[in-house]
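What follows is one structure encoded as structure tokens, with my remarks underneath.
The values are calculated or read from the model by the stated rules, or taken from the named source; none is laboratory data. No experiment lies behind these values; they were computed from the predicted model shown. Every residue, glycine as well, gets a Cβ built from its backbone with ideal geometry; the counts of neighbours run over all protein chains shown.
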Amino acid sequence: MSKAMRFRQVHLDFHTSEDIPGIGGKFDKQHWQKTLKDAGVDSITCFSLCHHGWSYHPTKVGTMHPHLDFDLLRAQIDASHEIGVNVPVYLTAGINNVASGLNPVWREISFEGKYAGWTTNPLTPGFHKLCFNTPYLDHLCRLIEEAVSLFPDGDGIFLDIISQGQCCCPACMKGMLAEGYDPSKDADRAMYSMKVLEKYYQRTTEAARSKDPAMRILHNSGHIGPAWLNRLKYFSHLELESLPTGGWGYDHFPQTAAFARKTGLDFLGMTGKFHISWGEFGGFKHPDALRYECAAMLAFGAKCSIGDQLHPCGKLDESTYGIIGSAYREVAQKEPWCSDAVSLADVAIIPQEAFFVYDGRAHDNGGDIGAGRMLLEAHIPFDVIAPSMDFSSYKLLILPDDIAIDGALKIKLDAFLAVGGKLLLSGSSGLNSDQSAFLFDIGADYSGENAFVPNYIKPDPDFAPDFCNSPFVMYGKSWNIKIRGGKSLGKIYETYFNRNFRHFCSHRHTPNLPDASEYDCGVINGNIVYMPHAVFSLYRKVGAVVYRQFVIKALKALLGKPMIETNLPSIARITLTEQTSARRYIVHLLSGSPVKRGGDLNFQEEGAITINGGIEVIEDMIPLHNVECSVQTANPVKKATLEPHGIELPFENKNGRCAFKLNEFTCHQMIALHY
């Protein structure tokens, strides 16, 4: 069976309590096969070992589920392979309740002396986080080695919940002291946890490939970004867990994909069929939402994976696979225009997360998210890159808000600027380590932090929002700059006073003084734009349209004519890829309208997750009309077609660009520009 990555995968969770009888009792080979075929599924991840700690096949290392009386995983693999469906094999890694029950000393302990992870006390239902610095790692490796021995025909190994916190269990305390770390220091605990995590990667990867050196392997931690670059040697591919309704939102995946496609690894996007998130039995996403999410995966360079959870009885749910099929039948038609397609972008973000130490799980970096959202909404194609990656293919680099530029990065950025590259800096990005001076000539004098938080800005007319000529509030601190040779983007307006117990005005913050201060709200100098506010983090927090319009106008003044120009609304998305072997560019148009619904759900006694801010839901697919696009093309376009239908579309080549107009599209439309 081929281990090649497929476009239409299901990730079939099967975390099943020991108190549920009849495990797999309704598994039926014919029903399984028909359901997968009808839904267009060509790969399905099935379970060897679940979070509860049970194995779903006979085992000499672990413990088979007490209410399973046959080899369920073997039955699933054989049934799937008969119809040409791949079966990667899943094993939990970071949590295992059977193992923790037998060996409580294997649990991860926080520096406060509590159990770390999802459940911190014995009375809370949930899974137990384990420490990879204990003999648990030996046990896990034996489980993996057994799985690849029993199922050598499995199409990969999926290891889940890969993280190592700042553990203070007896093994970690002993190890830190022996190696000269101070357990009382946060930085030392973090450094030691990274050493432990590296040992996990080495040993589990060796175990997964103990029978087949080419075995595909994925270590899942919920998010992959530039901080992971040195660990990607342990991955055969990436699966980008990003359930929009599960807390990630609809803008997380495009930004994660913007980095993943630069790693050289094949990758899947991973959403879910659930209305909310993992483990939601009886939760169903509207089919149009799943259609949009899969289309977005294709548009941003990924193959597709949809999460499901198998009922303990072992029978696939027909409604679920009807919904999945509505998306995957469309994906199957579109695959020829998505295989071996390279994303084109001349803007890149060097993100904040590239400079942080990770415990292996996702972190919310506001500047990165805000920068990505602005570019997505402005329809400017971009990549996310690590500082060690090549800059030469980009016209402009964005360093959002608080990038600490070391000597090596400074040398690369200087070389980039010397050949015409351009930088957009904001906040403290571009300042030296003690924030006393700029590392670049920004065309302005610098005098430290502004005394007023918040303050206001009034951009010059070239950079002002379309609908606002008044000073608008900036909810955060800024730095003081005065123009010296550069071009001002506008002025900062200070307030009468900062709000405190001595004096305040109205409900929130003090109004601005009528006259501008002596300080500028931004500057363009040669190939550099600098903005003294953390504009991207502010956009992440507040989402004010005036922020985005101000930043994007300054960006375009620096960049020049963008790669794509379109009249699409900000909620729509557009990407550009190239299939060189087929000699064509592919323009992907996406339109979905997420709305926030629900909120304040908290039934912890029943195991439900807490949802405070509502869930982004897509239900109604509204057509967009009279869409105009102008695309920069290195090769003159000879023919434009609407795909996958092959309908020819009128177009015009002019000044190195191809312009076309689409009367109408709904959800997703691919336009192939043949050269």
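Among the residues of segment 112-166 satisfying the criterion of being charged (D, E, K, R) and assigned to a helix (DSSP H, G or I), which is nearest to residue 58 (Cα to Cα)? Going through the qualifying residues, I end up with 146.
Looking at segment 548-562, can you tell me whether even one residue there is part of a loop (DSSP other than H, G, I, E, B), of a type in the set (D, E, K, R) and at pLDDT below 95? Checked against the condition, which is being part of a loop (DSSP other than H, G, I, E, B), of a type in the set (D, E, K, R) and at pLDDT below 95, segment 548-562 yields at least one hit.
In segment 503-522, of all residues being surrounded by 13 or more Cβ atoms within 10 Å (Cβ to Cβ) and hydroxyl-bearing (Ser, Thr, Tyr), the one that is nearest to residue 403 (Cα to Cα) corresponds to 519. For segment 43-64, indicate whether the set of residues that are touching a Lys or Arg at 6+ places or on another chain (Cβ under 9 Å), assigned to a strand (DSSP E or B), under 26 Å from residue 326 (Cα atoms) and assigned by TED's automatic domain parsing to the domain that holds residue 272 is non-empty. Checked against the condition, which is being touching a Lys or Arg at 6+ places or on another chain (Cβ under 9 Å), assigned to a strand (DSSP E or B), under 26 Å from residue 326 (Cα atoms) and assigned by TED's automatic domain parsing to the domain that holds residue 272, segment 43-64 yields at least one hit. Of the residues that make up segment 517-537, is at least one aliphatic (A, V, I, L, M) and without any contact (Cβ under 8 Å) to a residue 60 or more places away in the chain? No, every residue in segment 517-537 fails to be aliphatic (A, V, I, L, M) and without any contact (Cβ under 8 Å) to a residue 60 or more places away in the chain.
Residues in segment 20-58 that are β-branched (Val, Ile, Thr) and either under 30 Å from residue 335 (Cα atoms) or surrounded by 19 or more Cβ atoms within 10 Å (Cβ to Cβ) (or both): 23, 35, 41, 44, 45. Of the residues 224, 276, only one is farther than 29 Å from residue 623 by Cβ and among the hydrophobic types (A, V, I, L, M, F, W, C); which? None of the others qualify; the one that does is 224. Could you tell me whether segment 293-305 includes any residue that is within 19 Å of residue 88 (Cα to Cα), within 19 Å of the chain's Cα centre (by Cα) and surrounded by fewer than 22 Cβ atoms within 10 Å (Cβ to Cβ)? No - not one qualifying residue is present in segment 293-305.
Of all residues in segment 548-573, exactly one satisfies the criterion of being hydroxyl-bearing (Ser, Thr, Tyr) and either touching a His at 6+ places or on another chain (Cβ under 6 Å) or free of Cβ contacts under 8 Å to residues at least 24 places away in the same chain (or both), namely 566.
For segment 519-576, a tally of residues being over 27 Å from residue 416 (Cα atoms) and among the hydroxyl-bearing types (Ser, Thr, Tyr) returns 5. Select from segment 94-145 the residues that are among the acidic types (Asp, Glu) and more than 24 Å from residue 191 (Cα to Cα) and list them in ascending order. Correct list: 145 only. Per the listing 508, 484, 499, the residue uniquely within 29 Å of residue 420 (Cβ to Cβ) and in the same structural domain as residue 536 (by TED's automatic domain parsing) is 484. Going by the structure shown, is residue 171 closer than 23 Å to residue 46 by Cβ, in contact with a Cys (Cβ under 7 Å, 6 or more places away or on another chain) and of a type in the set (A, V, I, L, M, F, W, C)? Answer is no for this residue. Residue count for segment 484-496 satisfying the condition of being over 19 Å from residue 550 (Cα atoms), in contact (Cβ under 8 Å) with a residue 24 or more places away in the chain and not β-branched (Val, Ile, Thr): 2.
For segment 523-537, give me each residue that is out of contact with any helix residue (DSSP H, G or I) (no Cβ under 6 Å at 6 or more places or on another chain) and surrounded by 24 or more Cβ atoms within 10 Å (Cβ to Cβ). Once the filter is applied, which keeps residues that are out of contact with any helix residue (DSSP H, G or I) (no Cβ under 6 Å at 6 or more places or on another chain) and surrounded by 24 or more Cβ atoms within 10 Å (Cβ to Cβ), segment 523-537 yields 523, 530, 531, 532, 533, 534.
Might you let me know whether segment 211-220 holds any residue that is more than 21 Å from residue 374 (Cα to Cα) and without any contact (Cβ under 8 Å) to a residue 12 or more places away in the chain? Yes, that holds for at least one residue.
Conditions tested, residue by residue: (1) touching a helix residue (DSSP H, G or I) at 6+ places or on another chain (Cβ under 7 Å); (2) modelled with pLDDT under 95; (3) not β-branched (Val, Ile, Thr).
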| residue | (1), (2), (3) |
| --- | --- |
| 185 | no, no, yes |
| 200 | yes, no, yes |
| 209 | no, no, yes |
| 223 | yes, yes, yes |
| 231 | yes, yes, yes |
| 254 | yes, no, yes |
| 262 | no, no, yes |
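Restricting the search to strands (runs of 3 or more DSSP E) fully inside segment 230-347 and requiring at least 1 residues that are out of contact with any Phe, Trp or Tyr (no Cβ under 9 Å at 6 or more places or on another chain) gives 267-272, 303-309. Selection of strands (runs of 3 or more DSSP E) fully inside segment 606-675 by the criterion of at least 2 residues being surrounded by fewer than 18 Cβ atoms within 10 Å (Cβ to Cβ) and modelled with pLDDT of 95 or more returns 624-632, 639-643, 651-654, 657-665. Flag set for residue 233, criterion: within 24 Å of residue 387 (Cα to Cα) and free of Cβ contacts under 8 Å to residues at least 40 places away in the same chain. The residues listed here are 273, 211; of these, the one that is more than 25 Å from residue 109 (Cα to Cα), buried (at least 23 other Cβ atoms within 10 Å of the Cβ) and either touching a Ser or Thr at 6+ places or on another chain (Cβ under 7 Å) or of a type in the set (Phe, Trp, Tyr) (or both) is 273.
Restricting the search to segment 494-506, which residues are in contact with a strand residue (DSSP E or B) (Cβ under 9 Å, 6 or more places away or on another chain) and assigned to a loop (DSSP other than H, G, I, E, B)? Within segment 494-506, 494, 496, 505 qualify.
Residues being surrounded by fewer than 20 Cβ atoms within 10 Å (Cβ to Cβ) and more than 22 Å from residue 157 (Cβ to Cβ) are represented in segment 88-101 by at least one member. The residue pairs whose first member lies in segment 648-671 and is free of Cβ contacts under 8 Å to residues at least 24 places away in the same chain, whose second member is of a type outside the set (A, V, I, L, M, F, W, C) and part of a loop (DSSP other than H, G, I, E, B), and whose beta carbons are closer than 8 Å, counting only pairs six or more residues apart or on different chains, are 653/633; 653/636.
Cβ separations smaller than 8 Å between residues 6+ apart or across chains give the following pairs from segment 114-133 residues that are under 11 Å from residue 169 (Cβ atoms) to residues that are of a type in the set (Val, Ile, Thr) and crowded, with 24+ Cβ neighbours inside 10 Å: 129/95; 130/95. No other residue among 280, 241 is modelled with pLDDT under 95 and among the acidic types (Asp, Glu) apart from 280. Considering only residues in segment 479-498 that are among the hydroxyl-bearing types (Ser, Thr, Tyr) and under 37 Å from the mean Cα position of the chain (by Cα), the one that is nearest to residue 449 (Cα to Cα) turns out to be 493.
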